[in-house]
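What follows is one structure encoded as structure tokens, with my remarks underneath.
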Amino acid sequence: NAGVTQTPKFQVLKTGQSMTLQCAQDMNHNSMYWYRQDPGMGLRLIYYSASEGTTDKGEVPNGYNVSRLNKREFSLRLESAAPSQTSVYFCASSPQGLAGVEQFFGPGTRLTVL
Amino acid sequence: KQEVTQIPAALSVPEGENLVLNCSFTDSAIYNLQWFRQDPGKGLTSLLLIQSSQREQTSGRLNASLDKSSGRSTLYIAASQPGDSATYLCAVRAGNMLTFGGGTRLMVKP
């Protein structure tokens, strides 16, 4: 049981390049989330998907797009990377996007934009 | 907008000490509060989840309390060990949103 997996683990981009961060969970969870973590700050929600086929903006969605490919997979795309998007990105999942449940996190993707 | 604050930002204690980490939040209309541990370069590991109707949760040497009306939670770690060294994050949940504090970086010295 792998839980939440993320690829790649590390990535270096040049300004203006695009890339997609992949996330998959094998816990049959309905809800999935993308966060970013910057030094000295807590995690901030970028986008989430309460259930398959739905996505919603979080606190810091600008510059990102997401796709809930199926129940297992939720990808995050940077169309034109900027140095301000240098961060650690975490994917998480929970059984359902309702009260009373905890979120499970992946190991993170460390992204540097030059 | 919900804001979550953790004090202190960093803490260094000798092994064996009991310690308390603090978390405060501005909007008491929450569903639950979750404490996480994060090791350097790693993801988050859930430690304790307290529902809004609960006052505390315990797991081993960890005890978390919640006072929703005052917007506060504490994480108590008994008999601290060097292996407890990590960053501890609290997060409050309202709807589908989980709002995190900035974390407390704990160092337990042998």
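Read-outs: derived from the displayed coordinates by stated rules, not from any lab. The shown structure was predicted, so the numbers you read here are calculated from the model rather than taken from an experiment. Reconstructed Cβ throughout: ideal geometry from the backbone, glycine too, with neighbour counts over all protein chains shown.
Tabulated results
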quantity: Cβ charges +1 (Lys, Arg) and -1 (Asp, Glu), total dipole of the protein assembly as shown, debye; calculated: 300 debye
quantity: Prolate/oblate/rounded call for the protein assembly as shown, Cα gyration tensor, a/c under 1.5 rounded; calculated: prolate
quantity: Shielding by partners - mean other protein chain Cβ count within 10 Å, residues of B:89-102; calculated: 5
quantity: Under-5 Å amide H pairs with A:Ser51, H placed in peptide plane, nonlocal only; calculated: none
quantity: Normalised alpha carbon radius of gyration of chain A [divisor 2.2 N^0.38 Å]; calculated: 0.99
quantity: Per-residue ³J(HN,Hα) for segment A:36-53, Karplus 6.51 cos²θ - 1.76 cosθ + 1.60, θ = phi - 60°, Hz, x for Gly and Pro; calculated: 10, 10, 10, x, x, 10, x, 6, 10, 6, 8, 8, 9, 10, 5, 7, 4, x
quantity: Candidate aspartates and glutamates for bridging to A:Lys71, where Cα separation is under 20 Å - those fewer than 8 sequence places away on the same chain excluded; calculated: A:Asp26, A:Glu52, A:Asp56, A:Glu102
quantity: Inter-chain shielding of A:101-108 (mean C-beta neighbours from other protein chains, 10 Å cut-off); calculated: 6
quantity: Net charge dipole size for segment A:45-114 [Lys, Arg +1 and Asp, Glu -1 on Cβ; Debye, nearest 20]; calculated: 140 debye
quantity: Cβ-based net charge around B:Val13, under 11 Å, with every Lys or Arg adding one and every Asp or Glu removing one; calculated: -2
quantity: Charge sum, other residues only, whose C-beta stays under 10 Å from B:Ser46's C-beta, Lys/Arg counted +1 and Asp/Glu -1; calculated: 0
quantity: Semi-axis lengths, Å, segment A:24-82, gyration tensor of Cα atoms, sqrt of 5 times eigenvalues; calculated: 20, 13, 10
quantity: Share antiparallel - DSSP beta bridges, chain B, percent rounded to 5; calculated: 90 percent
quantity: Cβ-based net charge around B:Thr74, under 10 Å, with every Lys or Arg adding one and every Asp or Glu removing one; calculated: -1
quantity: Estimated vicinal HN-Hα couplings, Hz - segment B:63-80 in sequence order (Karplus 6.51, -1.76, 1.60; Gly, Pro = x); calculated: 9, 10, 10, 9, 10, 5, 5, 9, x, 9, 9, 10, 10, 9, 10, 8, 6, 4
quantity: At R0 = 22 Å, FRET efficiency that the Cβ-Cβ distance of B:Thr45 and B:Lys1 yields, to 0.05; calculated: 0.20
quantity: Length-normalised contact order for chain A - Cα pairs under 8 Å, 6+ apart - percent; calculated: 36 percent
quantity: For segment A:28-68 and segment B:25-101, distance of Cα centres in Å; calculated: 20 Å
quantity: For chain B, the fraction of alpha-carbon pairs in successive 10 Å shells from zero, as %; calculated: 16, 50, 29, 5, 0
quantity: Relative contact order computed over segment B:42-110 (Cα-Cα under 8 Å; 6+ residues apart), in percent; calculated: 20 percent
